[in-house]
Amino acid sequence: MSALSVELSLELWAAVFAVVALAGLLQGAIGFGFPVIATPMLAMLMDIRTAIVVTVVPNIVTGVVAILRGGNWRSSLGRHWPVALWTLPGALLGTKILIFAPQDWLKLFLAVALFVYLRQEALNRVDWSAVRAHPGRAGAVAGFLGGFLSGSVNVALPPLLIYFSALGLPMLVMTQVMNLCFVTARMVQTTGLALAGQIDRTAILISLPLTALALLTMWLGWRIQDRIDAKTYKKLLKVFLWAMAIGLAVQSSWHLLVTAR
């Protein structure tokens, strides 16, 4: 398969830079979420594979920075690193889906993943005592599912949030471990795309200025982290993600209906 074209119009590149700036800011403010913001927004404007390719380096770099920030990261990762290991086979399978699945079905799947993430509070009220009783097995399942979602649609949060929330991890530890899972899965995804001819050196070079922008806005997010009202912020973020999820679901469903006729 030939490498993806990253020859976007000036308007689309302006949109890409704006989206990356916003995603970096939110990553800095809450510690995770770069792909949750960037991927659905860009998927509304282009196909998912292109959206992932142009943001591949910013995704990895912001994840690594989030792991290292906050200190005590060796202790945080020392106990829960096997979950990240389980993302490897999941991400490999998910990347296969990303490469070969029709775009409209991928967008619909991304919308479903966002809907699940947005219903996180309801899912947290479920009895997850089995997770606490069997953390090793549950971690393997959460890691595999997170890797699969990360490889296929770049959104790994739902299963990982459920798992780590059930264990009652402190927010800093949860953030560091989840970012390790994201980075691990993203490396598998990037390698798979490259081996399939879906990403080349040009795409990597193009994403370098986006990485610099993401790091700058991530730093700004750290600066405003303690100055924003957490409840208001989360409400606005949810409204935004609901709009993205509904938009993707409508867009992909409409295309599928038109194609079926």
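With both labels modelled 7 Å from their Cα along Cα-to-Cβ, the residue 257 to residue 123 distance reads 2.8 nm.
GNM remark for the chain: springs join alpha carbons under 10 Å apart, and the peak mean-square fluctuation among 52, 67, 30 falls on 30.
Ranking 218, 78, 178 by Cα position along the charge dipole of the chain, where only Lys, Arg, Asp and Glu carry charges on their C-beta atoms, puts 78 farthest toward the positive end.
When you filter the trypsin sites (Lys or Arg not before Pro) in region 111-185 for DSSP loop state and at most 13 other Cβ atoms inside 10 Å of their Cβ, you are left with 119, 125. Cβ-to-Cβ counts within 10 Å put 206, 162, 199 in ascending order as 206, 162, 199, the fewest first. When the chain is treated as a Gaussian network with alpha carbon springs shorter than 10 Å, the biggest mean-square fluctuation among 193, 145, 216 belongs to 216. Kirkwood's formula applied to the C-alpha pairs of region 152-199 gives a hydrodynamic radius of 11.9 angstrom.
Would you mind calculating the gained length between residue 250 and residue 220 on full extension (0.36 nm times residue separation, minus the Cα-Cα distance), in nm to one decimal? Please list the in-between numbers first.
Values: separation 30, 0.36 × 30 = 10.80 nm, distance 3.37 nm.
This chain segment gains 7.4 nm when fully extended.
Loop-located chymotrypsin sites (Phe, Trp or Tyr not before Pro) in region 108-215 (DSSP state not H, G, I, E or B) with no more than 12 neighbouring Cβ atoms inside 10 Å do not occur.
No lab work stands behind these numbers, since they all come straight from the coordinates. The shown structure was predicted, so the numbers you read here are calculated from the model rather than taken from an experiment. For neighbour counting, all protein chains shown are included, and Cβ atoms are generated from backbone atoms with ideal geometry for every residue, glycine included.
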